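Enquirer: Supplied in structure tokens, the structure appears directly below.
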There are 2 protein chains.
Amino acid sequence: MSSPVHRVSLGNTWSGQVHPDIDSERHTQSFDVERLTNILDGGAQNTACRRRVESIIHSDPEFSGQDSYFMTQNERYEAAVRKTFHTQMLIQRWGWSEKESVYAHRALSGDTVLGVHKIFLKALRSLGSEDQIAKWEPLCKTHQIIATYAQTELGHGTYLQGLETEATYDPATQEFVIHSPTITATKWWPGDLGRSATHALVLAQLICSGARRGMHGFIVPIRSLQDHTPLPGITVGDIGPKMNFDQMDNGFLRLDHVRVPRENMLNRFAQVLPDGTYIKLGTEQSNYLSMVVTRVEILLGEILPQLQKACVIAVRYSVIRRQSRLRPSDPEAKILDYQTQQHKLFPPLAMSYAFHFLAVSILEFFQRSYSAILDRDFSLLPELHALSTGAKAMMADFCIQGAEMCLRACGGHGYSKLSGLPSLVTRVLASSIYEGENTVLYLQVARFLVKSYLQAQVSPGSTSQRSLPPSVEYLTAPDLSRCPAQRAADFLCPELYTTAWAHMATRLIKDSVHQLQTLTQSGADQHEAWNQTTVIHLQAAKAHCYYTSVKSFSEALQKLEDEPAIQQVLKRLCHLHALHGILTNSGDFLHDGFLSGAQVDMARTAYLDLLLLIRKDAILLTDAFDFTDQCLHSALGCYDGNVYERLFQWAQKSPTNTQGNPAYEKYIRPLLQSWRSKL
Amino acid sequence: MSSPVHRVSLGNTWSGQVHPDIDSERHTQSFDVERLTNILDGGAQNTACRRRVESIIHSDPEFSGQDSYFMTQNERYEAAVRKTFHTQMLIQRWGWSEKESVYAHRALSGDTVLGVHKIFLKALRSLGSEDQIAKWEPLCKTHQIIATYAQTELGHGTYLQGLETEATYDPATQEFVIHSPTITATKWWPGDLGRSATHALVLAQLICSGARRGMHGFIVPIRSLQDHTPLPGITVGDIGPKMNFDQMDNGFLRLDHVRVPRENMLNRFAQVLPDGTYIKLGTEQSNYLSMVVTRVEILLGEILPQLQKACVIAVRYSVIRRQSRLRPSDPEAKILDYQTQQHKLFPPLAMSYAFHFLAVSILEFFQRSYSAILDRDFSLLPELHALSTGAKAMMADFCIQGAEMCLRACGGHGYSKLSGLPSLVTRVLASSIYEGENTVLYLQVARFLVKSYLQAQVSPGSTSQRSLPPSVEYLTAPDLSRCPAQRAADFLCPELYTTAWAHMATRLIKDSVHQLQTLTQSGADQHEAWNQTTVIHLQAAKAHCYYTSVKSFSEALQKLEDEPAIQQVLKRLCHLHALHGILTNSGDFLHDGFLSGAQVDMARTAYLDLLLLIRKDAILLTDAFDFTDQCLHSALGCYDGNVYERLFQWAQKSPTNTQGNPAYEKYIRPLLQSWRSKL
């Protein structure tokens, strides 16, 4: 189980030995790191498979080369296209499966393009008929076309019905005329659109026989397959610099009466007959299905890894960084030995695990329910939607907060791009916006909670009472009015804190329903009443989401009975996750006297004691994520801990040092001299 | 009082008319915006002076040119040097005062270099003797030299005593030998060091007559005044890419036994005689003085403007952005009409004002006490240190949080660099690290609070009781055990919520002292006990800082009796600031029953009602900051509200659109064709 020292691609002339401060941390073998890695990977076979792919990727000279920290946006895009192209070759050469392709993507830290191609495929499979899938999927998979998914517009994001792009059916030619009537109708943001895509799945308002039929998907060729120039009627380009995702050509698209054949409307859930008759086959919800699919996949594929990497980097740095003394006679202390540093880093570390198990459980639920939904059984969709929506919003929120905390916990070096942390922070920041803006998502969860709460109020035994979806069953569970904890150790109990979270979430949901009803009963119309209580609903939805994360973490631990050492170390993280949430929201637990002030103090004592326990295993817990140095690409978080040597050596390679200083001759010299001459 | 439409430098071909949605917001003349601007500027004369400088800067073609959003780090640096150079010319041509230079800096959004030059000067004035000031100040002011301040090292930041750079006195030549003994002793981060500076004020461990005498400052020439090459023994360069501050050449410096004359040690507070005798003239604290000076200046000069600009951009965008409907029959609503959007933006907006008045009050206190300190009367230093330290940490924390909230509140467009928000967020993020890492600063405040609390406990009338510094007098004030509020409106009272904050802060400080004493009494040594209670001390220090911000805001309002309309609108912001803090920390108020759950709900009602009231004046409140469009440099926050046109036009200018797509010929075309050929 000894882990190898992963080398980094930028030259290393130092000893290459593991830094003694980090090495000593790995001697406490309180659990089997390799086994924990296997659990995270979903089995030892997956770990082996992943490492095989990683070693192919990392040993391939095509994937090294100029350093991304020193590239322009154009260079980043070009490098990403090159890597994507070369990855396709490897996938073919090695016959990699879907899973192996995902591992390749992970090894490249997602620094590739044409990812929206896959979203297009998912949307096609969700919204297209069997005929349409049969036609477009092979074209897409064999890269005869490069496809993107074009939904968001310059003036419209969240509110699908507000999209302005129009698709007007012309029965004379059996074509749809796709058109951007205003500047705000310009498609804006789709990935791969700016410079790469040949086709776009355009979401547009369907107009047929004079009636507006809402949003539908249309496959629109946008660039010539001969020379890649925009087709007639198409204005397309890149939206320019963003906070991150330089490698991605997010684009804009304007359509000027572009015609596509009738068969290009995706018609699993709705059809337009040749004469313009509109036939609806699905519900309003069915359009949202492809968004649910994407939302589930990004949890583990995109959002969580950024937090996990940030934790690896910050924790490793915190054991080699020594600063100040704990006692005047001591040598300078590892900063991870400061309670405040543990308080910064261990809650995000605990979340790195909590969210892993939450995302896995949602993924499993999704896999169970997806085929039923494709068969037009939508009964599980509300639950799936609420779960995936809430998890996305919560994970985005806390992964942003956590990654930023990791950056700040590394002081100045965290702020250097060479630490890798700025790119993790700015990348994960986007997750609060893409695939549904977080506040909007939380409020969708809130509507589900209001509905569920009202359903739970129907008196038991009444015929109108249907059973509640599992994720909100706690709304009908018998409730304690007081927490029974009598000392700090009582808080180290999943049963106790899960119940506490359930109680608190239930109270907030009840309060939010009550506030809503009070307003409507006092004469406000329901929409105004909703808006005037959304801050309260938001709070309730967040509490519910946190509850689900605590619950799924403790349930995952129950399944680890055969791994007592791992179960124990993860249990501490689960405790910490639950208690950190209680302490940062203590007002919500104190509000109705469920917890007393004295109990909050006990929880705090338990929390502070946990920090010390987790401290001992911190490095091992981050090693278990098994990110290679190449994948972390951080001077601060390298496996061997030789941080300062790397920072110094990497900095030398910056264009600020290698390209001379033309500003000296032009400005600094004249500046110095102009004054000197006046003296 | 009509404000002009500020044009932006990137071409604008649209109508140029003010967007009707933003125009209508300015029709509610509930207060005189111009008068509020004057108050923020410290008088109408200052406003006029500032605008005069701004109009000179903004009309000068030297300051337009290539757009910073599209530049590399090297281009940003070169442009900044050019602007700095040209600003120096303007300062000379117009005979600008210190104040006017500050306005010029503001107009250029700090996108200049050689700012550390001024920090050098401040350090020189604080630590240098009159002779030294007389020698170096003119050289610096006339740019015969370019100076930087080199303190932080690769392996050392916060802990001054841990700095490794050595200055060993050699009585034979009457020189100091300055040396970096290890890689971690490399000076790292100083601004202007990487490519510009000719001299550095190097902080180093003084060694004379074999004894280590702690940190002292030494002026060290590092680059030739003839050709700017590094002098013998000097290794100097740029530390490479950072999260922001591309224009700044933060640098590294290694010294290999570099000799400087004895007179180059700054000796206001300590001297080395020719024979090596060491004479101490100041206290340990005196070395910290120049840091206090800088910390006070950055509050208004660097940290707060980033939040204020973010608020301007986000609030303006939120009244032209329409999304979803409040009622099914309505047109899409301005997003600022959503309660959740107000909840996101108005607390940061309130802080933009609260922190302004806090920083002004600290600046005034600083100006009153600075000359006494220079005369070696250190009695006011602990209070000044605690105030400036706490304000820096708190303002950095909340300005980061607020600016990020503003970015996220603008959805996808906020994430585009063209919005201006990413650069504000990444820039202000650094403020939690520079000039003292926030946690370290909070804990310095905590030590001051512990000391003050213990002092307050000495029984009244005892001879050993000295009066407490004003900022902690509340620790001895008579305390209520219960908040008297009986309905929501009772919370709209500065007296009531200031008392509530004082009560809560006092309780947390008392608790932190108690925890510390309990641990030491149970046998822990004092240092270990301190470390094991730092999370608790942190919480107490934060509460104290928030209390000071609430108190200074309400005191500033009392002085606005002659401006009832402005007083009223600012009072709402003050209420909101205080109540938002109470609600986000409700646990700390509920803990001992000072507030009941019912009272927290009343505070929430008062808070939600305030959001609606502030909504009406939101645009005017952001207009009052009077940032020109050039200074905001945001497609989203422009004064005329023509957001979408600007986004579309600015994006066209991105190198991603203007420099072609070499990746197509190299990779995309072969990719498409390689597969096609296989079919």
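Every read-out reported here was derived from the displayed coordinates using simple, explicitly stated rules and does not represent laboratory data. Since the structure is predicted, the reported quantities are computational estimates derived from the model, not experimental observations. Here the Cβ positions follow ideal geometry from the backbone for every residue, glycine too, while neighbour counts run over all protein chains shown.
Enquirer: Using only Cα atoms, what Kirkwood radius does region A:574-613 have, in angstroms?
Expert: 10.1 Å is the Kirkwood radius here.
Enquirer: Give me D for region A:506-612 in µm² s⁻¹, whole number, from Stokes-Einstein with Rh from the Kirkwood sum over alpha-carbon pairs, 20 °C and 1.002 mPa s.
Expert: 134
Enquirer: One-quarter of the Cα convex hull surface for region A:233-286, in nm²?
Expert: Answer in nm², one decimal: 6.2.
Enquirer: What is the ratio of the Cα radius of gyration of region A:305-394 to 2.2 N^0.38 Å, with N the residue count, to two decimals?
Expert: 1.71
Enquirer: Using just the Cα positions, wrap region B:313-458 in a convex hull and report its mean projected area in square nanometres, one decimal place.
Expert: For region B:313-458, averaging the hull's shadow over all directions gives 12.0 nm².
Enquirer: Can I ask one more? Along the Cα→Cβ direction, 7 angstrom out, place labels at B:Leu560 and A:Thr173. What is the inter-label distance in nm?
Expert: Computed distance between label sites B:Leu560 and A:Thr173 equals 6.2 nm.
Enquirer: Once every Cα of region A:256-372 carries one equal point scatterer and solvent is ignored, give the base-10 log of I(q)/I(0) from the Debye formula at q = 0.12, 0.16, 0.19, 0.20 Å⁻¹, two decimals.
Expert: -0.69, -0.89, -1.03, -1.07
Enquirer: How compact and how long is region A:176-216, expressed as Rg and Dmax of its alpha-carbon atoms in Å?
Expert: Rg then Dmax for region A:176-216, in Å: 12.1, 36.
Enquirer: Same structure again: Could you give the size of the charge dipole of region B:410-541 about its Cα centre, using +1 on the Cβ of each K and R and -1 on the Cβ of each D and E, expressed in debye and rounded to the nearest 20?
Expert: Rounded to the nearest 20 debye, it is 200 debye.
Enquirer: With 22 Å as the cut-off, how large is the P(r) tail for region B:78-199, expressed as percent of Cα-Cα pairs?
Expert: Distances greater than 22 Å cover 47 percent of the Cα pairs.
Enquirer: Right, next: List the pair-distance distribution P(r) of region A:428-519, using every Cα-Cα distance, as the percent of pairs falling in each 5 Å bin from 0 up to the bin containing the longest distance, rounded to whole percents.
Expert: 2, 11, 17, 17, 16, 15, 11, 7, 2, 0
Enquirer: Now for a different question. How many nanometers, to one decimal and shortest first, lie between the label point of A:Trp94 and those of its other copies, if labels sit 7 Å from Cα toward Cβ?
Expert: Spacings between copies for this position, smallest first, are 6.2 nm.
Enquirer: Let me ask you something else. Exceeding 22 Å between C-alpha atoms, which entries from my cross-link table qualify? They are A:Lys309/A:Lys392; A:Lys392/B:Lys344; B:Lys392/B:Lys551; A:Lys83/B:Lys417; B:Lys309/B:Lys344; B:Lys344/B:Lys653.
Expert: Flagged as over cut-off: A:Lys83/B:Lys417; B:Lys344/B:Lys653.
Enquirer: Sticking with this structure for a sec: For B:Ile279, which inter-copy label distances result when the label point lies 7 Å beyond Cα on the Cα-to-Cβ vector, reported in nm to one decimal and in ascending order?
Expert: Listed shortest first, these distances are 10.3 nm.
Enquirer: Can you compute the charge dipole magnitude of the protein assembly as shown about its Cα centre, using +1 on each Lys and Arg Cβ and -1 on each Asp and Glu Cβ, nothing else charged? Give it in debye, rounded to the nearest 20.
Expert: 840
Enquirer: Grab the DSSP H runs of chain A that are 4 residues or longer, score each as -39,500 (n - 2.57), total them, divide by all residues and round the 222 nm result to the nearest 500 deg cm²/dmol.
Expert: Here the helix-only value at 222 nm equals -17000 deg cm²/dmol.
Enquirer: Mind listing P(r) for region B:73-115? All alpha-carbon pairs, 5 Å bins, whole percents.
Expert: 6, 24, 33, 23, 9, 4, 1
Enquirer: Next question. Only loop residues by DSSP count here, and only those with at most 13 other Cβ atoms within 10 Å; note down the trypsin sites (Lys or Arg not before Pro) in region A:597-679 that meet that.
Expert: A:Lys678
Enquirer: Above 25 angstrom, tally the Cα pairs of region A:175-327 and express them as a % of all pairs, no decimals.
Expert: Everything past 25 Å amounts to 49 percent.
Enquirer: Right, another one. Nearest 5 is fine: what % of DSSP beta bridges in the protein assembly as shown come out antiparallel, could you say?
Expert: Beta bridges within the protein assembly as shown, antiparallel portion: roughly 85 percent.
Enquirer: Of A:His156, A:Ile146, A:Leu90, which is farthest on the positive side of the dipole of region A:76-163, counting Cα position, with +1 on Lys and Arg Cβ, -1 on Asp and Glu Cβ, and the Cα centre as origin?
Expert: After comparing all options, I get A:Leu90.
Enquirer: At 0.692 mPa s and 37 °C, plugging the Kirkwood radius over alpha-carbon pairs of the protein assembly as shown into Stokes-Einstein gives what diffusion coefficient in µm²/s?
Expert: Translational diffusion coefficient: 100 µm²/s.
Enquirer: Across peptide B:177-189, how many C-beta atoms of other chains are within 10 Å of each residue C-beta, on average?
Expert: Going residue by residue through B:177-189 and averaging, the value is 2.
Enquirer: Counting residues in region B:530-571 as N, plug N into 2.2 N^0.38 Å and put the Cα Rg over that result.
Expert: 1.78
Enquirer: Eigenvalues of the Cα gyration tensor times 5, then square-rooted: what semi-axes does that give for region A:391-440, in whole angstrom, largest first?
Expert: For region A:391-440, the semi-axes come out at 23, 10, 6 Å.
Enquirer: Under the convention of a label 7 Å out along Cα→Cβ, give the distances in nm from B:Pro382 to the same position in every other copy, shortest first.
Expert: 6.3
Enquirer: Starting from the eigenvalues of the Cα gyration tensor, five times each then square-rooted, give me the equivalent ellipsoid semi-axes of region A:500-559, largest first, whole Å.
Expert: They are 31, 10, 6 Å, listed from largest to smallest.
Enquirer: Please report, largest first and rounded to whole Å, the three semi-axes of the ellipsoid equivalent to region B:38-147, where each semi-axis is the square root of five times an eigenvalue of the C-alpha gyration tensor.
Expert: 26, 21, 12
Enquirer: Okay, moving on. Please state, rounded to one decimal and in Å, the Kirkwood hydrodynamic radius that chain B gives when every pair of distinct Cα atoms enters the mean of 1/r.
Expert: Computed over Cα pairs of chain B, the Kirkwood hydrodynamic radius comes out at 27.5 Å.
Enquirer: Within the P(r) computed for region B:540-679, what percentage of the Cα pairs occupies the region above 27 Å?
Expert: Within region B:540-679, distances greater than 27 Å cover 54 percent of Cα pairs.
Enquirer: Loop by DSSP (not H, G, I, E, B), at most 16 other beta-carbon atoms within 10 Å: where is the longest site-free stretch of chain A for GluC sites (Glu not before Pro)?
Expert: The reported range is A:1-331.
Enquirer: Toward the positive end of the charge dipole of region B:553-679, about the Cα centre and with charges on Cβ (Lys, Arg +1; Asp, Glu -1), which of B:Val643, B:Gln558, B:Ala618 goes farthest?
Expert: Comparing the listed Cα positions along the dipole, B:Val643 ranks first.
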